[in-house]
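In what follows, a structure is listed as structure tokens, so that the remarks can point back to it.
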Amino acid sequence: MKTLLKGGSVVTGSGVKRADVLLEGEKILQVGRRVAGADQVVDVTGCLLFPGFIDAHTHFDLDVAGTTTADDFYSGSRAALRGGTTTVIDFACPNKGESLHQGLDLWHRKADGKTFCDYGFHMTIDDWNESIRAELPDMFAQGISSFKMYLTYPAMMIGDRDMYWALKELRRLGGICGVHCENAGVIDGMIAERKAAGELSPASHPRTRPPYLEAEAVSRLLRIAQAADAPVVIVHLTNREALLEVDHARKRGQTVYVETCPQYLLLDESVYFNEDYSAAARYVCAPPLRDKAEQEHLWKGLRRGAIQTVSTDHCSFTLAQKDMGREDFTKIPGGLPGVETRGELLYSYGVAKRRITPAQMCRVLSENPARLYGLFPRKGILRPGSDADIVVYDPGASHVIRAEGCVANVDYNPYEGFVTAGGIRQVWLRGQLSVENGKVLVEAPAGKYMARGKNSL
């Protein structure tokens, strides 16, 4: 059956044009004016048609800090789909000492048959040896073309030497690595000082992870990448100093990609100083929220193309789980929910406020992640032959974000009370109408595993 979305405007990374979109099966058949031959017509007059959003940074069903994230692949992907995200890329995390294959098998067991949107995996590397190196070609054969390493978290980080060797090998194979950049040693020292002083509330969280320690780690990583002659992705970048280090590296001729998240664009560190423990602890994440002045620097980075993607780092915990750190801020599970609201927030506080254009929103939510992570042109663009993943955005359908109206498996929303400029009317996943007016229509998970190719951004 052929379905025509008629009367809307198609958004691409280069602009907005009035066009109808004809779907057949799971694919887009035609994009243009005066399209004929449809079996059914869906009126989307006045709406913007975006390619399905891609969230390249989620953590579903992750065991961390002595607990497990509130959202598994079932609930997390359902929330993602409701928010216009038709593909997520999660992180397969081998347990310490396990092989990459064991980690990949574990994540397939977590996700396969339980995911409402399409999905893929990055592979986490938390150790480096000959065995790990030998596994890498098979990761590519199984559709894993991107990896993750850490400069913080003692249980997961690897040293500078191993980072250098790993980046060299990934460059040789044509892969790319995202890196969490914070200075683990100094952070640990600052934490010890706060604990010794009895300063155990959430207010100590941002004070022990200052922005300049993120900038230092970004600088160090980029020098290692320079030595390895390897491209890298800086994940969840939060501040101006860190972005300046990226600018310097690019001027040296390095290839560097940058991701930020809605929480760093819209929330600030003042929440940590709330005397109500629960009101403060719910915002604990790493890196922490920053001073409000940093937000405009990030918006400018998006506007000038210095930041390529906006993902969520969705890592959700209930308020009861956040309560684990009431006596010690380091025991608060770190992470925020975000997959359900990213698209509406970026439109409302980016496009509607003229901080970015619809085309720029399309690039950072759809086209760039599709290119960077080897999904383009199957994903990330509305053109003949691409998957019929479509977000129908109605600029006139404003509403207030409330936790009670969300479907994620968590009992708060960090953006509670935020007013949207318009809203998502429909979400189509591979030609199937899956969400309409905030209601998830599909009753069973229909997401497919996406074997990904190499970076083309």
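The values are calculated or read from the model by the stated rules, or taken from the named source; none is laboratory data. Worth saying up front: this structure is predicted, and the values here are computed from it rather than measured. Reconstructed Cβ throughout: ideal geometry from the backbone, glycine too, with neighbour counts over all protein chains shown.
From the list LEU433, LEU457, exactly one residue is part of a loop (DSSP other than H, G, I, E, B), under 24 Å from TYR347 (Cα atoms) and of a type in the set (A, V, I, L, M, F, W, C). Which is it?
That would be LEU457, the only listed residue that is part of a loop (DSSP other than H, G, I, E, B), under 24 Å from TYR347 (Cα atoms) and of a type in the set (A, V, I, L, M, F, W, C).
Name the single residue, out of those in segment 316-344 being surrounded by 24 or more Cβ atoms within 10 Å (Cβ to Cβ) and among the aliphatic types (A, V, I, L, M), that is nearest to GLU193 (Cα to Cα).
Here the residue is ILE332.
Hey, can you tell me all the residues within segment 346-389 that are buried (at least 21 other Cβ atoms within 10 Å of the Cβ), farther than 17 Å from GLY15 by Cβ and in contact with a Phe, Trp or Tyr (Cβ under 7 Å, 6 or more places away or on another chain)?
Scanning segment 346-389 gives ALA370, LEU372, ALA388, ASP389.
Please find, among VAL310, VAL246, the residue that is within 17 Å of the chain's Cα centre (by Cα) and of a type in the set (Val, Ile, Thr). First the steps, then the outcome.
Numbers: VAL246 fails: within 17 Å of the chain's Cα centre (by Cα).
It is VAL310.
Restricting to segment 74-95, name every residue that is under 20 Å from VAL391 (Cβ atoms), assigned to a helix (DSSP H, G or I) and in contact with a Pro (Cβ under 9 Å, 6 or more places away or on another chain).
Residues satisfying the conditions are GLY76, SER77, ARG78, ALA79.
Can you give me the number of residues within segment 143-174 that are surrounded by fewer than 21 Cβ atoms within 10 Å (Cβ to Cβ), part of a loop (DSSP other than H, G, I, E, B) and at pLDDT 95 or above?
2
crowded, with 23+ Cβ neighbours inside 10 Å, outside any loop (DSSP other than H, G, I, E, B) and not polar (S, T, N, Q), is that true of ASP71? Full working, then the answer.
Details: crowded, with 23+ Cβ neighbours inside 10 Å: yes; outside any loop (DSSP other than H, G, I, E, B): no; not polar (S, T, N, Q): yes.
For ASP71, the condition - crowded, with 23+ Cβ neighbours inside 10 Å, outside any loop (DSSP other than H, G, I, E, B) and not polar (S, T, N, Q) - is not met.
Hey, can you tell me all the residues within segment 203-233 that are more than 18 Å from GLN308 (Cα to Cα), in contact with a His (Cβ under 9 Å, 6 or more places away or on another chain) and free of Cβ contacts under 8 Å to residues at least 40 places away in the same chain?
Residue satisfying the conditions is SER219 alone.
Do you know which residues across segment 13-52 are more than 28 Å from the chain's Cα centre (by Cα) and hydroxyl-bearing (Ser, Thr, Tyr)?
THR45
Take the conditions outside any loop (DSSP other than H, G, I, E, B), small (Gly, Ala, Ser), touching a helix residue (DSSP H, G or I) at 6+ places or on another chain (Cβ under 6 Å) and in the same structural domain as ILE191 (by TED's automatic domain parsing) and apply them to ALA242. Does it pass?
Values: outside any loop (DSSP other than H, G, I, E, B): yes; small (Gly, Ala, Ser): yes; touching a helix residue (DSSP H, G or I) at 6+ places or on another chain (Cβ under 6 Å): yes; in the same structural domain as ILE191 (by TED's automatic domain parsing): yes.
Yes, satisfied.
Against the definition (part of a loop (DSSP other than H, G, I, E, B) and within 24 Å of GLU269 (Cβ to Cβ)), how does TYR212 come out, yes or no?
On the way: part of a loop (DSSP other than H, G, I, E, B): no; within 24 Å of GLU269 (Cβ to Cβ): yes.
Against the criterion (part of a loop (DSSP other than H, G, I, E, B) and within 24 Å of GLU269 (Cβ to Cβ)), TYR212 does not qualify.
Given the condition out of contact with any strand residue (DSSP E or B) (no Cβ under 8 Å at 6 or more places or on another chain) and hydroxyl-bearing (Ser, Thr, Tyr), answer yes or no: does some residue in segment 88-108 qualify?
Our first condition is that a residue be out of contact with any strand residue (DSSP E or B) (no Cβ under 8 Å at 6 or more places or on another chain); within segment 88-108, this holds for 95-99, 101-102, 105.
With hydroxyl-bearing (Ser, Thr, Tyr) added as a condition, the list becomes 99.
Yes, there is a match, as at least one residue in segment 88-108 is out of contact with any strand residue (DSSP E or B) (no Cβ under 8 Å at 6 or more places or on another chain) and hydroxyl-bearing (Ser, Thr, Tyr).
Condition test on GLY185, is it touching a Lys or Arg at 6+ places or on another chain (Cβ under 6 Å) and not basic (Lys, Arg)?
Numbers: touching a Lys or Arg at 6+ places or on another chain (Cβ under 6 Å): no; not basic (Lys, Arg): yes.
Criteria not met by GLY185.
Please find, among PHE121, PHE73, PHE116, the residue that is modelled with pLDDT of 95 or more, closer than 18 Å to ALA370 by Cα and under 19 Å from the mean Cα position of the chain (by Cα).
On the way: PHE73 fails: closer than 18 Å to ALA370 by Cα; PHE116 fails: closer than 18 Å to ALA370 by Cα.
That would be PHE121, the only listed residue that is modelled with pLDDT of 95 or more, closer than 18 Å to ALA370 by Cα and under 19 Å from the mean Cα position of the chain (by Cα).
Looking only at segment 102-124, decide whether some residue is over 22 Å from GLY52 (Cβ atoms), in the same structural domain as THR330 (by TED's automatic domain parsing), touching a Lys or Arg at 6+ places or on another chain (Cβ under 9 Å) and surrounded by fewer than 19 Cβ atoms within 10 Å (Cβ to Cβ).
Looking for residues that are over 22 Å from GLY52 (Cβ atoms), in the same structural domain as THR330 (by TED's automatic domain parsing), touching a Lys or Arg at 6+ places or on another chain (Cβ under 9 Å) and surrounded by fewer than 19 Cβ atoms within 10 Å (Cβ to Cβ), one finds none in segment 102-124, hence no.
Mind listing whichever residues of segment 114-169 are among the hydroxyl-bearing types (Ser, Thr, Tyr) and on the phi > 0 side of the Ramachandran plot?
Looking only at segment 114-169, we keep the residues that are among the hydroxyl-bearing types (Ser, Thr, Tyr), and these are 115, 119, 124, 131, 145-146, 150, 152-153, 164.
Within segment 114-169, just TYR153 meets the criteria.
Among what's in segment 285-307 and is among the charged types (D, E, K, R) and not in a helix (DSSP H, G or I), pick the residue that is surrounded by the most Cβ atoms within 10 Å (Cβ to Cβ). Step through it out loud before you land on a result.
Initial filter on segment 285-307 (among the charged types (D, E, K, R)): 290-292, 294, 296, 300, 303-304.
If we keep only those that are not in a helix (DSSP H, G or I) as well, we get 290-292, 304.
On the way: ARG290: 24, ASP291: 14, LYS292: 12, ARG304: 10.
That would be ARG290.
Of (1) closer than 16 Å to THR85 by Cβ; (2) basic (Lys, Arg); (3) free of Cβ contacts under 8 Å to residues at least 40 places away in the same chain, ARG402 satisfies all except one. Which?
For ARG402, the failing item is (1).
Just checking, how many residues over segment 5-40 are closer than 25 Å to CYS117 by Cβ and among the small types (Gly, Ala, Ser)?
Number satisfying all stated conditions: 5.
Just for segment 128-181: of the residues that are within 23 Å of LEU375 (Cβ to Cβ) and among the small types (Gly, Ala, Ser), which one is nearest to the chain's Cα centre (by Cα)?
GLY178
So, restricting to helices (runs of 4 or more DSSP H) that lie completely within segment 314-370, which ones have at least 2 residues that are more than 19 Å from HIS236 (Cα to Cα), modelled with pLDDT of 95 or more and of a type outside the set (Ser, Thr, Tyr)?
Numbers: elements: 319-322, 342-346, 358-362.
Counting at least 2 such residues, we get 319-322, 358-362.
Take ALA370 and tell me if it is of a type outside the set (S, T, N, Q) and more than 23 Å from CYS315 (Cα to Cα). Even if it seems obvious, please write down each step before you answer.
Details: of a type outside the set (S, T, N, Q): yes; more than 23 Å from CYS315 (Cα to Cα): no.
Criteria not met by ALA370.
Any residue at all in segment 96-103 that's more than 27 Å from ILE390 (Cβ to Cβ), out of contact with any Pro (no Cβ under 7 Å at 6 or more places or on another chain), touching a residue at least 24 places away in the same chain (Cβ under 8 Å) and part of a helix (DSSP H, G or I)?
At the first step, the residues of segment 96-103 found to be more than 27 Å from ILE390 (Cβ to Cβ) are 96-103.
Next, from what is left, pick out any that are out of contact with any Pro (no Cβ under 7 Å at 6 or more places or on another chain): 96-99, 101.
If we keep only those that are touching a residue at least 24 places away in the same chain (Cβ under 8 Å) too, we end up with 96-97, 99, 101.
Applying the additional criterion that residues be part of a helix (DSSP H, G or I) yields 101.
Looking through segment 96-103, at least one residue is more than 27 Å from ILE390 (Cβ to Cβ), out of contact with any Pro (no Cβ under 7 Å at 6 or more places or on another chain), touching a residue at least 24 places away in the same chain (Cβ under 8 Å) and part of a helix (DSSP H, G or I).
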